[in-house]
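Comments concern the structure below.
Derivation of every value follows stated rules applied to the coordinates shown; laboratory data play no part. Quick caveat, the model's predicted, so the values are computed rather than measured. Heads up, the Cβs are rebuilt from the backbone with ideal geometry, glycines too, and the neighbour counts pull from every protein chain shown.
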Ligand code: ZN
């Protein structure tokens, strides 16, 4: 058992100062002045920290991604400490452009490895392509038979790297994800990579117009990639859709018009979008390719999962977004949208996933995942197998 004494708690809603008692990998209770003997429990003074739910990063290329400049540009796998440094305790792994040399089976294996090392992990089956490459032969079967699979993606639309699915192909994919989700009690989310193409979110709007599949089945990502898509995202969210922003970026993209996530959150709130419909993900370990006007690759970078907490910090420190609001997009919102039970909140019965932040700078100073310290006093104390 572990008792965190007198932390300033954001659950993500503000709770005020209280003690958090952890037992058996879960939060036993959150109360002021919990009485317990040091013989049974390790007691830690947490009065100089803000305690928040461990962050959820729901779009990470955990087995690496990229390869868009040839095989030498395939990006590396994530290691445990990458996530820990970012205050992240739950990760959803996905594939991207390359569904040939990367597979959903490898993704499940990597997710299991990260689980054994201390994180909580899930995966999307499939990759950019439609028809979808799955593990068992269908999205429905993957969702129903493989615990780690919670949806499908990232399926690419409006992008020159997309397989250019027809409307019927895409609607069929979404219907499979919906049925698989219903039958398995999972979210069955379709995570949609939206590219720079002029078609934007038109395929998703057509799904709402011509099928019975609800908007909440889709989590379109990279919504902040350019001003036109961002504006479409606001309209999509106001029509009931979910929007995911990508926190990994490079200065050149921001100069070209990408909406910085912290700023984007402020803009969406000001436009009247419900915060409940917004999530941030890092696109960590993904390649960040830049193409010229003819579609030729110019350079390549690697996304960092630590960008997730950086954008939460910037939203609070530079965009006047309240901490409890900024936290929602990386804790309670993804937990609710992806049906990750016990995740994304500090409450009795929830998993003991906690990040301790410096109250002034919001830097990550401590991380507890399923009741175990992974970072203490700003130092990573549990490393991955090969670190
Ligand atoms: Zn993508």
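Assorted remarks:
- Residue 51 being loosely packed, with under 15 Cβ neighbours inside 10 Å and not in a loop (DSSP other than H, G, I, E, B): no
- Scanning the stretch 202-222 for residues that are away from the ligand (no atom under 16 Å from the Cβ) and in contact (Cβ under 8 Å) with a residue 12 or more places away in the chain turns up 202, 205, 206, 207, 208, 210, 211, 213, 214, 215, 216, 217.
- The lone criterion from (1) farther than 21 Å from residue 381 by Cα; (2) in contact with a strand residue (DSSP E or B) (Cβ under 6 Å, 6 or more places away or on another chain); (3) not in a helix (DSSP H, G or I) left unmet by residue 90 is number (1).
- Residue among 348, 369, 352 that alone is farther than 21 Å from residue 247 by Cβ, in contact with a strand residue (DSSP E or B) (Cβ under 6 Å, 6 or more places away or on another chain) and buried (at least 22 other Cβ atoms within 10 Å of the Cβ): 352
- Among the numbered conditions (1) within 15 Å of residue 95 (Cα to Cα); (2) surrounded by fewer than 24 Cβ atoms within 10 Å (Cβ to Cβ); (3) away from the ligand (no atom under 14 Å from the Cβ), the only one that residue 172 does not meet is (1).
- Among the residues listed as 161, 199, 225, 179, the single one being within 16 Å of the ligand (Cβ to nearest atom) and farther than 25 Å from residue 284 by Cα: 199
- Meets criteria (in contact with a helix residue (DSSP H, G or I) (Cβ under 9 Å, 6 or more places away or on another chain) and surrounded by fewer than 18 Cβ atoms within 10 Å (Cβ to Cβ)) for residue 336: yes
- Scan of the stretch 95-131 for residues that are buried (at least 20 other Cβ atoms within 10 Å of the Cβ), assigned to a loop (DSSP other than H, G, I, E, B) and within 15 Å of the ligand (Cβ to nearest atom), ordered by number: 95, 96, 97, 98, 102, 126, 127, 128, 130
- Residues considered: 331, 361. Of these, the only one that is away from the ligand (no atom under 16 Å from the Cβ) and buried (at least 22 other Cβ atoms within 10 Å of the Cβ) is 331.
- Selection count where residues are assigned to a helix (DSSP H, G or I) and away from the ligand (no atom under 14 Å from the Cβ), scope the stretch 239-296: 17
- Test: residue in the stretch 326-334 that is outside any loop (DSSP other than H, G, I, E, B) and either over 17 Å from the mean Cα position of the chain (by Cα) or over 25 Å from residue 190 (Cβ atoms) (or both): yes
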